[in-house]
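Engineer: Below is one structure. I have some questions about it.
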Amino acid sequence: MPSSIPVQIASLHFPSLNQARIFYRDILHRYRPGQCVSEQDKQKVMNLMASSNFPYPTNAESAICVVQAYYGKNCFASVGSDKLPHYVSIMHSLKRSVAENVATKKQG
């Protein structure tokens, strides 16, 4: 049986990828497509994006909304000054965060 992979996103510590996924999925499910998340949830999602080196800028002016993306699935989207939704995959972001944390520990 594979061991669990701990995840740290900003000040949040999760014992496994699955626990982190469930945490962010629960945030996602609080909103319907087209709704923007609350400021508190926005900060949590932006921390996830920052820890995974999300390629699009995230700043105070960016809105984090729930949108219907590919195959009819709901996901977060960062909507910045370009007014385009940049989809945020929870699992992809979590896996990139783990990879970034491992790379940082190896360098240090």
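The values are calculated or read from the model by the stated rules, or taken from the named source; none is laboratory data. Given the structure is predicted, the values throughout are model-derived calculations rather than measurements. Using ideal geometry, Cβ is built from the backbone for each residue, glycine included, and neighbour counts are taken over all protein chains shown.
Engineer: How many residues does segment 26-51 contain that are outside any helix (DSSP H, G or I), of a type in the set (Lys, Arg) and within 14 Å of the chain's Cα centre (by Cα)? Full working, then the answer.
Structural biologist: Filtering segment 26-51 for residues outside any helix (DSSP H, G or I) gives 30-38.
Checking the rest, the ones that are also of a type in the set (Lys, Arg) come to 30, 32.
Cutting the leftovers down to within 14 Å of the chain's Cα centre (by Cα) gives us none.
The number of residues fulfilling the criteria is 0.
Engineer: Examine segment 10-17 for a residue that is in a loop (DSSP other than H, G, I, E, B), surrounded by fewer than 17 Cβ atoms within 10 Å (Cβ to Cβ) and of a type in the set (Ser, Thr, Tyr), and state whether such a residue exists. Give the derivation first.
Structural biologist: We begin by selecting, within segment 10-17, every residue in a loop (DSSP other than H, G, I, E, B); these are 10-11, 15-16.
Filter once more, keeping what is surrounded by fewer than 17 Cβ atoms within 10 Å (Cβ to Cβ): 10-11, 15-16.
Add one more test, that the residue is of a type in the set (Ser, Thr, Tyr), and what stays is 11, 16.
Within segment 10-17, one or more residues are in a loop (DSSP other than H, G, I, E, B), surrounded by fewer than 17 Cβ atoms within 10 Å (Cβ to Cβ) and of a type in the set (Ser, Thr, Tyr).
Engineer: I've got another one for you. Within segment 17-34, identify whether any single residue is among the acidic types (Asp, Glu) and at pLDDT 95 or above, and answer yes or no. First the steps, then the outcome.
Structural biologist: Residues of segment 17-34 among the acidic types (Asp, Glu): 26.
Add one more test, that the residue is at pLDDT 95 or above, and what stays is 26.
For segment 17-34, residues among the acidic types (Asp, Glu) and at pLDDT 95 or above: present.
Engineer: Please work out which residue is surrounded by the fewest Cβ atoms within 10 Å (Cβ to Cβ), limiting yourself to segment 57-68 and to residues that are closer than 14 Å to PRO33 by Cβ and either at pLDDT below 75 or in contact with a helix residue (DSSP H, G or I) (Cβ under 7 Å, 6 or more places away or on another chain) (or both).
Structural biologist: VAL66
Engineer: Only one residue in PHE23, PHE54 is crowded, with 16+ Cβ neighbours inside 10 Å, part of a loop (DSSP other than H, G, I, E, B) and touching a strand residue (DSSP E or B) at 6+ places or on another chain (Cβ under 8 Å). Which one?
Structural biologist: Going through PHE23, PHE54 in turn, the sole match is PHE54.
Engineer: Also, I was wondering about something else. Restricting to segment 38-55, what's the tally of residues that are among the basic types (Lys, Arg) and within 18 Å of HIS13 (Cβ to Cβ)? Reasoning before the result, please.
Structural biologist: At the first step, the residues of segment 38-55 found to be among the basic types (Lys, Arg) are 42, 44.
Now narrow it down to the ones that are within 18 Å of HIS13 (Cβ to Cβ): 44.
Counting residues in segment 38-55 that are among the basic types (Lys, Arg) and within 18 Å of HIS13 (Cβ to Cβ) gives 1.
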